[in-house]
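What follows is one structure encoded as structure tokens, with my remarks underneath.
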Amino acid sequence: MPTTPESRIKIQVNNLTKRFGDLTVLDGINFNIKEGELLAIVGPTGCGKTTFLNTLSKLMPATEGEILIDGEEANPKKHNISYVFQEPTCLPWRTVRENVAYGMEVKGVGKEERENKAMEMINMVGLTGYEHEKLSSLSGGMKQRVGIARALANDPD
């Protein structure tokens, strides 16, 4: 959906600061993302990209400031936040299909809907035929595609 000047603000980042002791990684960051807008966060190693995403997803708290989604504090239990880590983070004891369905399982999505959506995402990332495989038999790139399918299966905002 293309953004227009009238598009509503979906995500607000207000004075976001994150410190680790004396090290300030994020320093008063402010920006908005409009509904339907795509944002890429790029920069050199160590500039705070992962710290920002960890703060957005509540894997770590902000030192100061806030991140709002639809005007409310970002909350992974309420908002559809999906995150694909740089390194594959699949659960090795689960199959490809079970990994893709994991987020939906946590959210209480019914088994039939979960299975259908998982297979749709597996097909989309080109892993058809591997749905019953354990992660140990997959390449690094295939594991990353499992992570992408898992993130998209939750219909992130």
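The values are calculated or read from the model by the stated rules, or taken from the named source; none is laboratory data. What you see is a predicted model; the values in this text were computed from it and never measured. When we count neighbours, we look across all protein chains shown, and the Cβ atoms used for this are built from the backbone with ideal geometry, even at glycine. Remember, those area values only see protein heavy atoms, side chains included, never the ligands or the DNA or RNA. Shrake-Rupley method; radii C 1.70, N 1.55, O 1.52, S 1.80 Å.
Mind listing just one residue for me: the one in region 72-102 that is of a type in the set (S, T, N, Q) and farther than 19 Å from Pro61 by Cβ and, of those, farthest from the chain's Cα centre (by Cα)?
Thr95
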Any residue in region 71-93 that is in a loop (DSSP other than H, G, I, E, B) sitting within a Cβ distance under 6 Å of a residue that is open to solvent by 80 Å² or more (accessible area, probe 1.4 Å)? List the pairs, counting only those 6 or more apart or interchain. Pro76/Lys58; Asn80/Asp155; Asn80/Asp157
State whether the residues of region 5-16 include one that is of a type outside the set (Gly, Ala, Ser), modelled with pLDDT of 90 or more, over 17 Å from Glu73 (Cβ atoms) and surrounded by 14 or more Cβ atoms within 10 Å (Cβ to Cβ). no
Filter region 34-52 down to residues that are within 16 Å of Gln12 (Cα to Cα) and free of Cβ contacts under 8 Å to residues at least 24 places away in the same chain, then give me how many there are. 4
Quick one: count up the residues across region 51-92 that are among the basic types (Lys, Arg) and at pLDDT 95 or above. 0
Looking at (1) open to solvent by 40 Å² or more (accessible area, probe 1.4 Å); (2) within 16 Å of the chain's Cα centre (by Cα); (3) touching a residue at least 12 places away in the same chain (Cβ under 8 Å); (4) over 17 Å from Arg150 (Cα atoms), find the lone condition where Leu56 falls short. (1)
Among the residues of region 93-101, are any touching a helix residue (DSSP H, G or I) at 6+ places or on another chain (Cβ under 7 Å), modelled with pLDDT of 90 or more, closer than 28 Å to Glu131 by Cβ and open to solvent by 60 Å² or more (accessible area, probe 1.4 Å)? no
Where residues in region 24-44 are aliphatic (A, V, I, L, M) and either touching a Phe, Trp or Tyr at 6+ places or on another chain (Cβ under 9 Å) or at pLDDT 95 or above (or both), which of them is least open to solvent (accessible area, probe 1.4 Å)? Leu26
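Which residues, counting only those in region 102-127, are part of a loop (DSSP other than H, G, I, E, B) and either of a type outside the set (Lys, Arg) or open to solvent by less than 50 Å² (accessible area, probe 1.4 Å) (or both)?
Gly108, Val109, Gly110, Val125, Gly126, Leu127
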Just give me the residues in region 141-155 being open to solvent by 50 Å² or more (accessible area, probe 1.4 Å) and either within 11 Å of Glu98 (Cα to Cα) or touching a residue at least 40 places away in the same chain (Cβ under 8 Å) (or both), in sequence order. Lys143, Ile148, Leu152, Asp155
